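Undergrad: Please find one structure pasted underneath; my questions will follow.
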Amino acid sequence: MSAPHTPTPAPARSFAQRFSATRRGARLARLLAAHQLTEWGLPHGTEAHDTVVLVAGELTANAVLHGRVPGRDFALRLVHDDGKSLIRIEVSDTHPALPVRRVPGADEDGGRGLVLVDALAVDWGVCDRPGPGKTVWAECATAPRSLTHPSTPRTGLPWEEGSAGVRGGSGATSR
């Protein structure tokens with residue numbers, strides 16, 4: 001009698017890079033994320049590719065616009081977990097302030113980045129990082145979302161204006 005074969009989980013693939021905390025650095029991070037997704041078999045124009053690129057772009061733009069500390073870089077890390085059909089996006093900066101999710105007025109030009117992240121990501125939050133600052137993370141599905149099982153609307157969203165909450169999830173902590 002032979003022992004049952006237990007499948008070995010697929011290893012998670014990752015990409016990590018530091019960038020200058022400038023608009024050019026945020027743009028380069030978004031472009032390299034798009035390239036890495038293509039290398040992982042998620043071609044341009046697919047829902048998974050476009051979602052991850054948009055979320056990565058928003059998080060890197062926030063790191064540059066709101067988390068910038070002069071003379072310090074920000075870091076982007078992507079982890080592709082085939083077993084969970086997820087890509088985790090982590091953007092670390094050295095600024096101690098937590099992101100603020102707010103609902104902008106109709107006539108405001110900005111302030112919609114975290115609203116988009118919340119709408120597109122399966123989950124997101126913030127966690128501590130080694131050294132000063134924080135890591136803002138988001139997890140995006142690589143498989144198409146089921147139309148028969150739409151995601152449950154989220155309540156008690158983190159970092160709404162006037163609140164100091166943090167969404168729970170893997171690795172989320174409050175500061």
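The values are calculated or read from the model by the stated rules, or taken from the named source; none is laboratory data. Note that the structure is predicted; figures quoted are calculated from it, not measured. So basically every Cβ, Gly included, is an ideal-geometry build from the backbone, and we count neighbours across all protein chains shown. Side chains included, ligands, DNA and RNA excluded: accessible areas come from the protein's heavy atoms. Shrake-Rupley method; radii C 1.70, N 1.55, O 1.52, S 1.80 Å.
Undergrad: Go through region 24-76 and name the trypsin sites (Lys or Arg not before Pro) that are in a DSSP coil and have 16 or fewer other Cβ atoms within 10 Å of their Cβ.
TA: The qualifying sites are R72.
Undergrad: Quick one: check the C-alpha center-to-center distance for region 105-137 versus region 20-37, whole angstrom.
TA: 17
Undergrad: Heavy atoms of the protein only, probe of 1.4 Å, neighbouring chains included. What is the accessible area of E58 in Å², nearest 10?
TA: So the heavy atoms of E58 present about 40 Å² to solvent.
Undergrad: Work through the residues other than V69 whose Cβ is under 15 Å from its Cβ and net out their charges, Lys, Arg +1 and Asp, Glu -1.
TA: +3
Undergrad: May I pose another question? I'd like to check one number: the per residue accessible area of region 1-123, probe 1.4 Å, reported in Å² as a whole number.
TA: 58
Undergrad: Note down the net charge around F15, summing +1 for each Lys or Arg and -1 for each Asp or Glu among other residues with Cβ under 10 Å from its Cβ. Each step should come with its number before you reach the end.
TA: Values: positive: R13, R77; negative: E39.
With Lys, Arg at +1 and Asp, Glu at -1, the neighbours total +1.
Undergrad: Tell me, what % of the accessible area of region 57-141 is carbon and sulfur with a 1.4 angstrom probe?
TA: 53
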